[in-house]
Amino acid sequence: MAKKGNICTAQNEKAKFSHTIRKAVRILKPLHLDYNQTKYVFKEIRKALNVRDERKPSRIVESLSIAEVELLINTAYKFKGHIGLAVKILFMTGARNDEFVNIEIGDVLIDECFIHIRHAKDGEHAHRHIPILPTLAQEMISQIMTIFEYSQ
């Protein structure tokens with residue numbers, strides 16, 4: 001394909017390969033291959049021709065430093081206590097947002113220091129237990145008690 005800075009335009013590239021594409025179609029059409037079979041055939045052809053994938057490697061996400069995480073959590077606590085706790089739980093457990101919002105009171109297992117995630121990414125019926133520090137479990141219970149006091 002045309003690379004940046006190359007004189008070839010997209011139309012020239014299309015014209016350049018149209019004959020090759022027609023020949024490949026003539027060969028493959030009588031075989032009645034489905035999508036996966038066609039994908040496999042071209043994968044093997046690329047391997048035989050020693051053609052490498054030139055895509056850039058996936059972007060590596062830089063993680064926050066411990067100081068940055070602490071600053072983020074502390075700032076969230078200054079905004080509102082329950083927001084700070086939510087941010088802290090997300091960082092300390094690695095739970096996904098949709099998993100976090102579905103946590104119910106009974107999912108916090110204080111004695112075992114676990115949070116039970118019932119609707120994990122793997123499916124509706126998938127579940128997992130995420131260990132939490134005793135201090136985080138206690139803070140969660142304190143927040144729950146505060147909410148119940150205000151609601152009554």
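Brief remarks on what is shown
- Value of [θ]222 nm, deg cm²/dmol, for the chain, DSSP H segments ≥ 4, -39500 (n - 2.57) each, nearest 500: -17500 deg cm²/dmol
- Folded to 0 to 90 degrees: helix 134-151 orientation relative to the chain principal axis, Cα: 70 degrees
- Along segment 102-114 the Karplus relation, 6.51 cos²θ - 1.76 cosθ + 1.60 evaluated at θ = phi - 60°, assigns HN-Hα couplings of 9, 6, 10, 3, x, 7, 8, 9, 4, 4, 8, 6, 9 Hz to successive residues, with x for each Gly and Pro.
- Full extension of the chain between Arg59 and Phe91 yields a length gain of 9.4 nm, computed as 0.36 nm times the residue separation minus the alpha carbon distance.
- FRET efficiency, Asn36 to Ala15 (Cβ-Cβ, R0 25 Å, nearest 0.05): 0.25
- Computed Kirkwood radius, in angstrom, where 1/r is averaged over Cα pairs of the chain: 21.3 Å
- Given 16 as the ceiling on other Cβ atoms within 10 Å, longest exposed-site-free region of the chain for trypsin sites (Lys or Arg not before Pro) in DSSP loops: 5-51
- The amide H of Phe114, built 1.01 Å from its N in the peptide plane, has Leu109, Ile132 as neighbours under 5 Å, considering only residues 5 or more places off or on other chains.
- Sequence-separation-based contact order of the chain, relative, with Cα cut under 8 Å and 6+ spacing, percent: 10 percent
- Overall, the ratio between the Cα radius of gyration of segment 66-151 and 2.2 N^0.38 Å, rounded to two decimals, is 1.10.
- In a DSSP loop and with at most 12 other Cβ atoms within 10 Å, the GluC sites (Glu not before Pro) in segment 49-124 are Glu54, Glu62, Glu104, Glu112, Glu124.
- Helix 10-28 vs. the chain, principal-axis angle (Cα, 0 to 90°, nearest 10): 80 degrees
- The value of relative contact order for segment 66-151, using C-alpha pairs under 8 Å at least six residues apart, is 19 percent.
- Helix 81-93 vs. the chain, principal-axis angle (Cα, 0 to 90°, nearest 10): 50 degrees
The numbers here are math on the coordinates, done by the rules we state, and not lab data. Since we're looking at a predicted model, the values are computed, not measured. Methodologically, a virtual Cβ is constructed for each residue, glycine included, from the backbone with ideal geometry; neighbour enumeration extends over all protein chains shown.
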